[in-house]
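In what follows, a single structure is set out as structure tokens and then discussed.
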Amino acid sequence: MSPAPLSILIAPDPRLKARARPVRPEDGALVADLVPRMFEAMYAAPGIGLAAPQVGVGLRLCIVDLQPEDKPAPVVMVNPAVTATSAETATREEGCLSLPNQYADVTRPARVTVRFSDFDGKSREITADGLLAACLQHEIDHLDGILFVDHLSPLKRNMILRRLAKEQRQKAAG
Ligand code: NI
């Protein structure tokens, strides 16, 4: 029997606001089990990024796949850290699988360098701009309990969270 599919937590679940702990060598079996299931949940959603806290696992682990030209390009990031950011910023519309149907413009550094370990434990570094830069920062934010709405004004954030709560109530009521 295959394990039940992972469900993605929806804001304001408190687990989305917690700071995740680093992945340690002894977490190997957990990570090996979790990563394919996270990809399954992300592709099913569908989404381009997913962080472990979004499936209720408080580990510094996230996955990204921008699927350039509709081809899979999966990236697994274990213990990712932003090591450099550009002074130049870029504003881009973001969404999040934990805030379904909610979108807003978010301003972030236009370019970032991220250091992480890959699925095989190999140390890697990516310097990205454009959509990938925003996506990497968004996913790493999740590991610190930060959602994209936390980059907005309180007014805008509360408007989105209220709209999300209302939509979730309507969905639950059928
Ligand atoms: Ni997200």
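The values are calculated or read from the model by the stated rules, or taken from the named source; none is laboratory data. Nothing here was measured: the structure is a model prediction, and the numbers come from that model. Cβ sites come from the backbone with ideal geometry, for glycine too, and all protein chains shown count toward neighbours. Each accessible area value is taken on the protein alone, full model and side chains, heavy atoms only, with ligands, DNA and RNA left out. Shrake-Rupley method; radii C 1.70, N 1.55, O 1.52, S 1.80 Å.
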>> Residues that are closer than 26 Å to LEU131 by Cα, open to solvent by less than 50 Å² (accessible area, probe 1.4 Å) and at pLDDT below 95: does segment 34-43 have at least one?
In response: no
> Which one of the conditions (1) within 18 Å of GLU93 (Cβ to Cβ); (2) part of a helix (DSSP H, G or I); (3) open to solvent by 20 Å² or more (accessible area, probe 1.4 Å) does GLU139 fail to meet, given that it meets all the rest?
Replying inline: (3)
> Taking segment 97-110, which residues are assigned to a strand (DSSP E or B) and either among the β-branched types (Val, Ile, Thr) or in contact (Cβ under 8 Å) with a residue 60 or more places away in the chain (or both)?
Replying inline: LEU99, PRO100, ASN101, GLN102, VAL106, THR107
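Restricting to segment 61-71, count the residues that are open to solvent by 20 Å² or more (accessible area, probe 1.4 Å) and in contact (Cβ under 8 Å) with a residue 12 or more places away in the chain. Before you say what the answer is, go through the steps one by one.
To start, the set of residues in segment 61-71 that are open to solvent by 20 Å² or more (accessible area, probe 1.4 Å) comprises 66-71.
Right, trim to in contact (Cβ under 8 Å) with a residue 12 or more places away in the chain and you get 66-67.
The total comes to 2.
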>> Just to be sure I understand, how many residues within segment 12-25 are open to solvent by less than 50 Å² (accessible area, probe 1.4 Å) and within 13 Å of the chain's Cα centre (by Cα)?
In response: 2
>> Would you confirm whether or not segment 91-104 contains a residue that is more than 27 Å from LEU34 (Cβ to Cβ), open to solvent by less than 30 Å² (accessible area, probe 1.4 Å), within 13 Å of the ligand (Cβ to nearest atom) and not aromatic (Phe, Trp, Tyr)?
In response: yes
>> Tell me yes or no: at least one residue of segment 47-60 is away from the ligand (no atom under 14 Å from the Cβ), surrounded by fewer than 17 Cβ atoms within 10 Å (Cβ to Cβ) and among the basic types (Lys, Arg).
In response: no
> Do the conditions hold for LEU147, that is, is it closer than 20 Å to PRO46 by Cβ, of a type outside the set (S, T, N, Q) and crowded, with 19+ Cβ neighbours inside 10 Å?
Replying inline: yes
